[in-house]
Structures are given as structure tokens and as C-alpha cells.
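Here the structure comes first, spelled out in C-alpha cells, and everything after it is commentary.
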Amino acid sequence: MNIILLGPPGAGKGTQARILVEERGMVQLSTGDMLREAKTSGTEMGNRVADVMARGELVTDEIVIGLIREKLQTEKANGFIFDGFPRTLPQADALGDLLSEMGQSLDRVIEMQVDDDALVARITARSTCAGCGEVYNDNTKPIPSDGKCTNCGKTEFSRRADDNAESLKIRLMEYYKKTSPLIGYYYAKGALSSVDGLGEISDVQAAIAGHLD
Ligand code: AMP
């Protein structure tokens, strides 16, 4: 089963993708993670996209489609979760083509709905374990008092460079201008299911499972 988690920054796509990976043995393909990795390892492409990402703008379709194509050709999976991809209509068309070249299809697009005030509050309070990527929130899921990640026990946490109020404004605008048209696109294809992304992690998880099973 191949699915897309679609939603604005801070909707909880990464958190739910990690749960699906654990529970269903699916493979998460996050273009944001791939780009951050390229930036950290200092590849030529990573250096090229660093400023664009820091500002909160989208990198070119060509780059992210290339990243996804490479992963689809090399990873074997019991289904892919596309997290943060596609983000534009050309990316959505390209994904459809890539999957059909592999004799596969897109089974469901889960739209995660969260209101804008909640997104801003979530993102500015978010930190991530440097060891395993577990996501914490200063208000709703604080880092444990012993300073150790509940998932892997590491004690280093970081905040994303683009998780600040200024970049977030641009990321939200990019979402509404370029990504939100995908909601109509997948609705018209009969693939869209929407869930309320504002509740407890386990409630959102159950709502998603209800659409996949
Ligand atoms: P994310 O981790 O999904 O929030 O992505 C972080 C940043 O990476 C975005 O703000 C964009 O600059 C870039 N990015 C990630 N995925 C895409 C994509 N599919 N298309 C264009 N830019 C992307």
C-alpha cells in the first residue's frame, strides 16, 4: 500500500509516518529529511538548497522528484509513505508516473487538517531527538526530566533552523499557494481521506488506520 500524508508544516505528518513505519513495516520517504541530510553531509545539492530551506521556500521540483525517483528505484518496501512530497501539482503528476512505471499505484492520500494558530504554536515549541528523530513539544510532549529520549535514550535534541516564526510564515504561504491545490487534485481522483490532525497522537493514528484498513 502506498500513501501520501498531506498537510501544512506542523500537521504531524512525520509523527504519524513514524508510527506507520513501526506498525506496518512501511517505508517513510520524507523529502524534507532527505534534503536536510544532503545539507548536513555538504553535498553540492545540499549546499545549493540550504538558503532556500532556511527561508521556508520550496526547492525546485526537479531536485525533489530526482530524490524520490532514486529512492523508489533502490528501496524495497511493503508500501511507501510519502511525507512532505508531493508539494506541487508537477510533483504529484511525476509521482503518479513513477509509480505506474513500477506497476504500482497510489492507494490513499490522507489530508491532516490542523488550524493555523495550532500550527504556529506546535512548530515554535518543537524539538527533535538528534539520535532517532523522535519529535517533542515543549507544551504537549516535553523532553523527559532526565533529559533522555524515551525512544532511544540519547540526550541531544535540536530545533530545526526553519522552525521559527519568520520562516513559518513563508512555509505556510508556500503551502496554501502551491500544495493545498493537491487536496482538490486527489479528491477528484477519488483518493482523498481527511482526518482531524488536532487531537491526541493516538486519536489521529486511529483515524488514519480507519481509512487504511
Ligand atoms: P519538511 O521537513 O517537509 O517540512 O521540509 C523542510 C523544507 O524542505 C521545506 O520547507 C522545503 O524548503 C524543502 N522541501 C521538502 N520537501 C519538499 C518538496 N516536496 N518540494 C519542495 N521543497 C521541499
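The values are calculated or read from the model by the stated rules, or taken from the named source; none is laboratory data. Predicted model, so just to flag it, every value in this text is computed and none were measured. Cβ sites come from the backbone with ideal geometry, for glycine too, and all protein chains shown count toward neighbours. To get the accessible areas, we keep the full protein, side chains included, count just its heavy atoms, and leave off ligands, DNA and RNA. Shrake-Rupley method; radii C 1.70, N 1.55, O 1.52, S 1.80 Å.
Just a few scattered comments:
- When every Cα-Cα distance of segment 1-104 is counted in 10 angstrom steps from zero, the calculated P(r) takes the values 14, 47, 34, 4 percent.
- Label-point separation in nm, residue 116 to residue 22, each point 7 Å along Cα→Cβ: 3.3
- Amide H contacts for residue 30 (H built 1.01 Å from N in the peptide plane; partners 5 or more residues away or on another chain; cut-off under 5 Å): 83.
- Whole-Å distance, taken between Cα centres, linking segment 96-166 and segment 1-75: 12
- Scaled against the 2.2 N^0.38 Å expected of a compact globular protein of N residues, the Cα radius of gyration of segment 71-146 reads 1.49.
- The chain: relative contact order in percent, alpha carbon pairs under 8 Å with at least 6 residues between: 29
- In this structure, the amide hydrogen of residue 4, modeled 1.01 Å from its nitrogen in the peptide plane, lies closer than 5 angstrom to those of 82, 108, 109, 110, counting only residues at least 5 positions away or on a different chain.
- Residue order by solvent-accessible surface for 201, 68, 183 is 201, 183, 68, largest first, with ligands and nucleic acids left out and a 1.4 Å probe.
- When exposed loop sites are taken as trypsin sites (Lys or Arg not before Pro) in a DSSP loop with at most 12 other Cβ atoms within 10 Å, the longest stretch of the chain clear of them is 77-188.
- Here the chain yields Rg over Rh of 0.94, to two decimals, using C-alpha coordinates and the Kirkwood radius.
- Tally of Lys pairs whose C-alpha atoms are under 23 Å apart, taken over the chain, 8 or more apart or cross-chain: 17
- Protein accessible area in segment 156-213, 1.4 Å probe - carbon and sulfur %: 54
- Simple spin-label estimate for residue 169 and residue 70 in nanometres, 7 Å along Cα-Cβ: 3.4
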